[in-house]
Amino acid sequence: MRQAGRYLPEYRAIREQHDFMQMCNTPELVVEVSLQPWRRFGMDAVIVFADILLIAAAMGPQLSFAKGHGPVFDRAIRGEQDVDSLARPEVEDALAPTLKSLSILRRELGDEAALLGFCGAPWTVAAYLVEGKGGSFSSLLEMKTKAPDLLKKLLAKITSASVDYVRAQAQRGVDAIQIFDTWGGLLTPSEYEEFSLPGMKSLVAAVQSSGAKPIVFIKDTQNFLPQLVQMGSSVVALGPDLPLAQAKEAFPGVALQGNLSPDILLQGPEATAQATQAMLNEMQDRFGYIVNLGHGVTPQVEPSAVEAMVDTVKRFCYPA
Ligand code: CP3
């Protein structure tokens, strides 16, 4: 949940010197930035610094992150020819810097911390490819209505590339791989079953058969409880919209992750510690629970709030 990122001065210092894609493509920088939050706060897990859109760039379109803008591709994928033009990437080459970074991180962390890889849900990756950038995703929704079969062809292409990618990540010894369906909530539950669920199921199966644990995430969790169950994942990451009491009932027998709202961090360390404690109290009887945010840390958050969250968890779980 953007453990690394612009809320950290040590991240900003490196980011000022380098372009975002250049950072993602330089293993020394990836390793450094991935470890920064772990060194400062001592979480139990480190997530590799990368982006869900690297796989899309590996398929052809050029990706850039202009300061203050977010992701932009040099072309949008909307017609049949656009979809056909996308390559099936050799992930070992195209994503070599991320994969190499995972190997280094695994070696450096040993058993001291869990290592997480990740990828985007094919639906969410398609959202950016069709739009050519972030935003309202109106072109994606138009394609869903006017050219559903073409959209499914695009989703299948992203799925096969992503399956290769998660397998390659698993080979580097990651403990778990989080699959982010940030924009699943653009769909109704029945549309979700048609457009996003097939890709999610393929990725969950690929992670499981490679020996890592999948963690599935839809930011708008509330509307998709049965669909999340159907994915068959060992871990479900909850968005901030789902009350934990409801989550415990909806997902028997799976581990849960989440779901403090990142907005609480903006209220400072004391409010964050209190909210974290309330979450721990609520979940202490649950077998299999990973404390986390429900969505990414925003740049305005003070590091002291993240520290308060981590320290509250440590005091609770590892009393002196
Ligand atoms: O959590 C981590 O520390 C690991 C790295 C990570 C990043 N992006 C780095 C990043 C992860 C797990 C992601 C996932 C990601 N990327 C998602 C899914 C999770 C979610 O947030 O819902 C999505 C939708 C993206 C696409 C993306 N990347 C957007 C929309 C943006 C712009 C966001 C913004 O706040 O401007 C990014 C850029 C990005 N990816 C940053 C980081 C640290 C900030 C970039 C910068 O330094 O300029």
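Electrostatic tally near Val163: other residues with Cβ closer than 12 Å to its Cβ, Lys and Arg +1, Asp and Glu -1, net +3.
Comparing Glu28, Glu193, Glu249 in a Gaussian network model of the chain, where Cα atoms under 10 Å apart are tied by springs, the biggest mean-square fluctuation is seen for Glu249.
Backbone geometry of the stretch 201-215 corresponds, through the Karplus equation with coefficients 6.51, -1.76 and 1.60 at θ = phi - 60°, to 3J(HN,Hα) couplings of 5, 4, 6, 4, 5, 5, 5, 4, 6, 8, x, 9, 9, x, 10 Hz, x marking Gly and Pro. For the stretch 164-230 versus the stretch 24-93, the spacing of their alpha-carbon centroids is 18 Å.
When both bridge partners sit in the stretch 9-173, DSSP labels roughly 60% of those beta bridges antiparallel.
For Lys152, a cut-off of 17 angstrom between C-alpha atoms picks up these aspartates and glutamates, skipping any fewer than 8 places away in its own chain: Glu80, Asp82, Asp84, Glu131, Glu142, Asp181, Glu191, Glu193, Glu194.
Here each label is just a point 7 Å from Cα along the line to Cβ, and for Gln284 and Arg88 those points are 5.3 nm apart.
Against the chain, whose longest principal axis comes from its Cα atoms, helix 303-317 is set at around 60 degrees.
Our helix-only sum for the chain, with -39,500 (n - 2.57) per DSSP H run of n ≥ 4 divided by its residues, gives a mean residue ellipticity at 222 nm of -15500 deg cm²/dmol.
Between Lys153 and Lys133, full extension at 0.36 nm per residue minus the direct alpha carbon distance yields a gain of 5.2 nm.
Summarised in one figure, the compactness ratio Rg/Rh of the stretch 204-320, Cα atoms and Kirkwood Rh, is 0.99.
Find the relative contact order for the chain and round it to a whole percent, using C-alpha pairs within less than 8 Å whose residues are 6+ positions apart.
16 percent
Taking amide hydrogens as placed 1.01 Å from N in the peptide plane, the amide H of Phe180 sits under 5 Å from those of Cys119, Gly120, Ala121, each at least 5 positions away in sequence or on another chain.
Using the 1.4 Å probe convention, the accessible area of the chain works out to 43 Å² per residue with neighbouring protein chains retained. Given H placed on each backbone N at 1.01 Å, which residues far from Gly294 in sequence or on other chains put an amide H within less than 5 Å of it? Under 5 Å from the amide H of Gly294: Leu260, Ser261. Taking the longest Cα principal axis of the chain as reference, the axis of helix 27-41 is set at about 30 degrees. Fully extending the segment from Ser190 to Gln274 would add 26.5 nm, taking 0.36 nm per residue of separation and subtracting the current Cα-Cα distance. Taking the stretch 290-318 and a reference point 7 angstrom along Cα→Cβ of Glu10, the backbone N atoms nearer than 15 Å belong to 303-304, 306-307. Give me the percent relative contact order of the stretch 9-173, please, defined on Cα pairs under 8 angstrom at least 6 residues apart. In percent, rounded to a whole number, it is 27. Amide H to amide H, with H built 1.01 Å from N, Gln257 comes under 5 Å of Val236, Ala237, Leu238, Ile290, counting only residues 5 or more places away or on other chains.
Counting only Cβ charges, +1 for Lys and Arg and -1 for Asp and Glu, the dipole size of the chain around its Cα centre is about 220 debye.
Dividing the mean sequence gap of close Cα pairs (under 8 Å, 6+ apart) by how many residues the stretch 94-231 holds gives a relative contact order of 30 percent.
Split the accessible area of the chain by element, probe 1.4 Å, and carbon with sulfur accounts for 51%.
Length gained on full extension, Ala96 to Ser209, computed as 0.36 nm times the residue gap minus the Cα-Cα distance: 38.5 nm.
Once the Cα atoms are used to define both axes, helix 96-109 deviates from the longest principal axis of the chain by about 20 degrees.
The values are calculated or read from the model by the stated rules, or taken from the named source; none is laboratory data. This is a predicted model, so every value here is computed, not measured. Glycine also receives a Cβ, built like all others from the backbone with ideal geometry; neighbour counts cover every protein chain displayed. With ligands, DNA and RNA removed, areas are computed over all heavy atoms of the protein, side chains included. Shrake-Rupley method; radii C 1.70, N 1.55, O 1.52, S 1.80 Å.
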